[in-house]
Amino acid sequence: MDCCYLHEFKRDTSVEKKGYYLVRGKERQKSCSDCNAAWKSLQSGGSVLDAVEKGCTQCEVDQCDGSVGYGGSPDERGETTLDAMIMNGDTMEVGAVANLRRIKNAIGVARAVMERTTHTLLVGESASLFAENMGFTAEDLTTNKSLNIFSEWLKRNCQPNCRKNVFPDPSKAADRTSRGPR
């Protein structure tokens, strides 16, 4: 989970006792609305998995540090895509999406992958179509901020993201501003 961590301190599976939990945010966070959302989910009887999803969803909505959720760092074509992963610690089931387009609730789609498919990871257009088929709303992930990041990146004639052995060489000090929009 990118913005909020959920630790279960005491495990008790009886109906009367829910266990003890600690929800905390990253050290660099200014506020912790995602942690509050996770905590409220636990207080209202939600499962640990529900709390993780609620916390991550809030972080996606709030765009926690600019790299989570819609409007984050665009790819080399200027499009914002999302990645998310969720794991059920009891069953060790995992669901994940990568390069998810047009869907803001990436963590919700990752949970749907875990609970509604035999897959672990869906990527790209397959992930986006799955999300739409599961009822997630398709919408633009671009914001003015992400458009500005991309525009500035283009003005600097930067290389595509995560490429090696290209010009300008990202490992040379003089070219450090040319690494891409991230």
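When segment 76-103 is examined, which residues are found to be of a type in the set (D, E, K, R) and over 13 Å from the mean Cα position of the chain (by Cα)? Working first, answer last.
Step one: of segment 76-103, the residues of a type in the set (D, E, K, R) are 76-77, 79, 83, 90, 93, 101-102.
E76, R77, E79, D90, E93, R102 - these are the residues of segment 76-103 that are of a type in the set (D, E, K, R) and over 13 Å from the mean Cα position of the chain (by Cα).
Kindly establish whether E16 is more than 15 Å from the chain's Cα centre (by Cα), part of a loop (DSSP other than H, G, I, E, B), under 30 Å from E125 (Cβ atoms) and at pLDDT below 85. Lay out the reasoning, then the answer.
On the way: more than 15 Å from the chain's Cα centre (by Cα): yes; part of a loop (DSSP other than H, G, I, E, B): yes; under 30 Å from E125 (Cβ atoms): no; at pLDDT below 85: yes.
For E16, the condition - more than 15 Å from the chain's Cα centre (by Cα), part of a loop (DSSP other than H, G, I, E, B), under 30 Å from E125 (Cβ atoms) and at pLDDT below 85 - is not met.
Listed residues V97, V68; which is surrounded by 14 or more Cβ atoms within 10 Å (Cβ to Cβ) and touching a Leu at 6+ places or on another chain (Cβ under 6 Å)?
Values: V68 fails: touching a Leu at 6+ places or on another chain (Cβ under 6 Å).
One residue alone meets the criteria, V97.
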* Within segment 76-101, which residues are within 18 Å of L121 (Cβ to Cβ) and of a type in the set (D, E, K, R)? -> D83, E93, R101
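Restricting to segment 133-182, what's the tally of residues that are among the hydrophobic types (A, V, I, L, M, F, W, C), at pLDDT below 70 and under 26 Å from the mean Cα position of the chain (by Cα)? Full working, then the answer.
Narrowing segment 133-182 to residues among the hydrophobic types (A, V, I, L, M, F, W, C): 134, 136, 138, 141, 147, 149-150, 153-154, 158, 162, 166-167, 173-174.
Remaining after also requiring at pLDDT below 70: 162, 166-167, 173-174.
Cutting the leftovers down to under 26 Å from the mean Cα position of the chain (by Cα) gives us 162.
Residues in segment 133-182 being among the hydrophobic types (A, V, I, L, M, F, W, C), at pLDDT below 70 and under 26 Å from the mean Cα position of the chain (by Cα): 1 in total.
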* Selected residue [on the phi < 0 side of the Ramachandran plot, aliphatic (A, V, I, L, M), part of a loop (DSSP other than H, G, I, E, B) and surrounded by 14 or more Cβ atoms within 10 Å (Cβ to Cβ)] from L141, L147 -> L141
* Asked: Limited to segment 117-138, what total is found for residues that are assigned to a helix (DSSP H, G or I) and surrounded by 13 or more Cβ atoms within 10 Å (Cβ to Cβ)?
  -> 8
* **Verdict on M92 being in contact with an Asp or Glu (Cβ under 6 Å, 6 or more places away or on another chain) and not in a strand (DSSP E or B)** => no
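Out of segment 49-75, which residues are hydrophobic (A, V, I, L, M, F, W, C), within 9 Å of the chain's Cα centre (by Cα) and not in a loop (DSSP other than H, G, I, E, B)?
Filtering segment 49-75 down to residues hydrophobic (A, V, I, L, M, F, W, C) leaves 49, 51-52, 56, 59, 61, 64, 68.
If we keep only those that are within 9 Å of the chain's Cα centre (by Cα) too, we end up with 56, 59, 68.
Listed by number, the residues that qualify are C56, C59.
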* Evaluation of E53 against (1) closer than 21 Å to G135 by Cβ; (2) out of contact with any helix residue (DSSP H, G or I) (no Cβ under 7 Å at 6 or more places or on another chain); (3) among the acidic types (D, E) (one fails), failing number -> (2)
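The values are calculated or read from the model by the stated rules, or taken from the named source; none is laboratory data. Since this is a predicted model, take the numbers as computed values, not measurements. For neighbour counting, all protein chains shown are included, and Cβ atoms are generated from backbone atoms with ideal geometry for every residue, glycine included.
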